[in-house]
1. Which residues, counting only those in the range 111-129, are surrounded by 10 or more Cβ atoms within 10 Å (Cβ to Cβ) and in a helix (DSSP H, G or I)?
2. Considering only the range 75-110, state which residues are surrounded by fewer than 14 Cβ atoms within 10 Å (Cβ to Cβ), in contact with a strand residue (DSSP E or B) (Cβ under 7 Å, 6 or more places away or on another chain) and small (Gly, Ala, Ser).
3. Considering only the range 93-125, state which residues are closer than 14 Å to residue 82 by Cβ and not polar (S, T, N, Q).
4. Would you be able to tell me the number of residues in the range 82-102 that are modelled with pLDDT under 90 and among the polar types (S, T, N, Q)?
5. Scan the range 95-110 residue by residue and report those that are outside any strand (DSSP E or B) and over 16 Å from residue 68 (Cα atoms).
6. Picking from 79, 110, 70, which residue would you name as being at pLDDT 85 or above, out of contact with any Leu (no Cβ under 8 Å at 6 or more places or on another chain) and of a type in the set (D, E, K, R)?
7. Being outside any strand (DSSP E or B), farther than 12 Å from residue 112 by Cα, touching a residue at least 12 places away in the same chain (Cβ under 8 Å) and not charged (D, E, K, R) is the filter here; which residues of the range 62-84 pass it?
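The values are calculated or read from the model by the stated rules, or taken from the named source; none is laboratory data. Predicted, not measured: the structure shown is a model, and the values here were computed from it. Cβ sites come from the backbone with ideal geometry, for glycine too, and all protein chains shown count toward neighbours.
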Amino acid sequence: MRWGGVVLVAALMMVSMSSIQAAHGQMKSPPGGTTPGGAIFDRLNRSSTRPLPQTPAPTVRPPDSTWVPDRFVQVPGVDGQVIVPGHWERRLSDHEVYSPPLTGRTPQGDATIQFPAGARPPVNERQFP
């Protein structure tokens, strides 16, 4: 009888082990999906991990403004040259820019000349500010 009890306990342990393996087998993912209801989760995963649309590269356009550094210019009616401070000029067309109002000064500092704002030829095409 003693052996019968041991055999019975061993049989019960084997049955319980096989039921654990069967339960573990049900927890595994079926082929082709993540879970039995995995199609829903697969669609959700695909929609949340799809690549973002790409933006087009920016087009390069010519600058609207050009920096004109300090320079000496010859002005009619003034003896010698006048220094004109550096400033930004806005491009209006290929042969015309807008220049802000400027104050020119002689190198000695004894005279100032006001240059009004307005449209002028680009700096490389004009004689004075």
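1. Across the range 111-129, the qualifying residues are 123, 125.
2. If the condition is that a residue be surrounded by fewer than 14 Cβ atoms within 10 Å (Cβ to Cβ), in contact with a strand residue (DSSP E or B) (Cβ under 7 Å, 6 or more places away or on another chain) and small (Gly, Ala, Ser), then 86 is the only one that fits.
3. Of all residues in the range 93-125, those closer than 14 Å to residue 82 by Cβ come to 102-115.
Correct list: 102, 104, 105, 107, 109, 110, 111, 113, 115.
4. 1
5. Residues satisfying the conditions are 106, 107, 108, 109, 110.
6. It is 70.
7. Listed by number, the residues that qualify are 62, 63, 69, 76, 80.
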